[in-house]
Every structure is written in C-alpha cells, then in structure tokens.
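This report refers to the structure that appears directly beneath it.
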Amino acid sequence: MVEFFQHLFALDFPWFFEQYGTAIYLILFLIIFIETGLVAMPFLPGDSLLFTAGLFCKSGQLEILVLLPFLFIAAVLGDNINYWVGRRLGLSVFKWNFRGKPLVKEAYLERTEKFFTQYGNFAVIMGRFIPFVRTFTPFAAGVAKMDYRKFALIDLFGGALWIGSMTMAGYLLGEIPWIREHVDLIAIGIVVLSITPVLISFIRRKK
C-alpha cells in the first residue's frame, strides 16, 4: 500500500500501466471518487492527476472518450455522498479518532465555510479547483442543509467544468513535445499552483 501511494503522488502512470493495465481506469475513478467523497482524505492529487491523465490520453495510452465520462461520474458521485454525509451526520464526524488523533480536521471545514460566505452557492463550482476546499465544499453544503436540487444542479456543472478543463488541458498541451518529455515537471508545477491559495491563506492566518 505504501508503494502504491508513493507512485500515486509521483504520478507514475507508467508504473500503473505496468501493474494494472486497463484497470487503471478503475484506479483513476476510485482516486477521484475518494478525494471528493471522503472528508478524511482531502490530500489526494486531483488537478495534477487529471492533467497528467490528459497527457497520456494524447499519447494514446488512455482513451479520452472513456476517461472523461468515467471521471465525471466519479467526481459527481463522490460529491453527492459527501453532501449526504454532511447532511445526515453533521459535525459529529469531527469526533472520530484514529490512533488518538482526529480523523477529520475541523480547520478545513472552517476554511470552507469562509469560502462559502465569500462566494455563496458558486463556492460549489469554484471549490472544485482548490485542494482541501474541494473535498469539504459538498460536506459543508450538506451540514448547512443547502437545497439538494440546487446543490445537485450546481455540482453537475462544476464537476463537468473541473474534469473537462483539467483533463482537456493535459490532452491539448500534450501536443507540445517539451511537455510530453517533462510530464514529471509539469505535474509538480500543477501541484505547486494548486496549493498556492492554501499557502497564502495559511500565511494570512498566521499574520
């Protein structure tokens, strides 16, 4: 399991192709589903994973027409489960412990609530593009008992926008030879860009 996560965070797609073959579609589905559906695992790579998957679609190792709907379903399904967990269980999840430590950090919810206050219902869409906030946005919507029809409609649009834009960005830029040859550097760059808003927020809180 440790080896799996090492290759996952390194976005080592060749290793996944070698180990799992076509089952890599299911692996990608589960990663996106877990990141968006489980409040205890907001640290999984989302943006960089989608972009890199798009690059490998361009190289012909993955099928873009299979990957896009597959990951869209994973993102929307994960968000909906997360919403209902928040709506049914509420803040009690912050009492869950693993080896004496909180399984879910309350600070992430507080950050997401501020995000909701600033952007309103559009936070469901915008939060898709921000690590950690992406995981807690549907949970916060559930805790706040946001109208489900409204949430579902906005979430469908947000899921399509996130999956489509990040994956197609990798697919279209995959035509550039330098990008194809430096997938690892591109992935690191996306991770840095993704966590920049989180780092800025952390620095501001410290000040």
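Restricting to the range 18-46, count the residues that are of a type outside the set (A, V, I, L, M), more than 16 Å from residue 74 (Cβ to Cβ), modelled with pLDDT under 90 and surrounded by 14 or more Cβ atoms within 10 Å (Cβ to Cβ).
Selection size over the range 18-46: 0.
When you check residue 140 against the structure, is it at pLDDT 80 or above, part of a helix (DSSP H, G or I) and of a type outside the set (Val, Ile, Thr), yes or no?
Criteria met by residue 140.
Need pairs with beta-carbon distance below 8 Å; first residue in contact (Cβ under 8 Å) with a residue 40 or more places away in the chain and within the range 49-61, second of a type in the set (Asp, Glu) and assigned to a loop (DSSP other than H, G, I, E, B); sequence gap 6+ or separate chains.
These pairs meet every condition: 57/63; 58/175.
Let's see how each residue does on (1) surrounded by 21 or more Cβ atoms within 10 Å (Cβ to Cβ); (2) of a type outside the set (A, V, I, L, M); (3) at pLDDT 80 or above; (4) at negative phi:
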| position | (1), (2), (3), (4) |
| --- | --- |
| 5 | no, yes, yes, yes |
| 8 | no, no, yes, yes |
| 16 | no, yes, yes, yes |
| 53 | yes, no, yes, yes |
| 56 | yes, yes, yes, yes |
| 70 | no, yes, yes, yes |
| 87 | no, yes, yes, yes |
| 111 | no, yes, no, yes |
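Within the set of pairs 6 or more residues apart or between chains, which connect a residue that is at pLDDT below 85 inside the range 161-178 to a residue that is assigned to a loop (DSSP other than H, G, I, E, B) and not aliphatic (A, V, I, L, M) with Cβ atoms less than 7 Å apart?
174/59
Please find, among 104, 93, the residue that is over 24 Å from residue 50 (Cα atoms), at pLDDT below 75 and outside any helix (DSSP H, G or I).
104
Please state which of the following conditions residue 133 fails to meet, knowing it meets all the rest: (1) crowded, with 22+ Cβ neighbours inside 10 Å; (2) modelled with pLDDT of 85 or more; (3) within 13 Å of the chain's Cα centre (by Cα); (4) not basic (Lys, Arg).
(2)
Within the group 18, 35, which residue is among the acidic types (Asp, Glu) and under 29 Å from residue 109 (Cβ atoms)?
35
Could you identify the single residue in 26, 38 that is free of Cβ contacts under 8 Å to residues at least 60 places away in the same chain and out of contact with any strand residue (DSSP E or B) (no Cβ under 7 Å at 6 or more places or on another chain)?
Just a single option satisfies the conditions, and that option is 26.
Looking at the range 120-130, which of its residues are surrounded by 14 or more Cβ atoms within 10 Å (Cβ to Cβ) and either farther than 16 Å from residue 46 by Cβ or without any contact (Cβ under 8 Å) to a residue 60 or more places away in the chain (or both)?
Listed by number, the residues that qualify are 121, 123, 124, 125, 126, 127, 128.
Return a yes/no flag: does the range 31-54 have any residue that is among the small types (Gly, Ala, Ser) and assigned to a loop (DSSP other than H, G, I, E, B).
yes
Which members of the range 7-23 meet the condition of being aromatic (Phe, Trp, Tyr) and touching a residue at least 24 places away in the same chain (Cβ under 8 Å)?
Of everything in the range 7-23, those that are aromatic (Phe, Trp, Tyr) and touching a residue at least 24 places away in the same chain (Cβ under 8 Å) turn out to be 9, 13, 17.
The values are calculated or read from the model by the stated rules, or taken from the named source; none is laboratory data. Remember, predicted model here, so these are calculated numbers, not experimental data. Cβ: placed from backbone, ideal geometry, glycine included. Neighbour counts: every protein chain shown.
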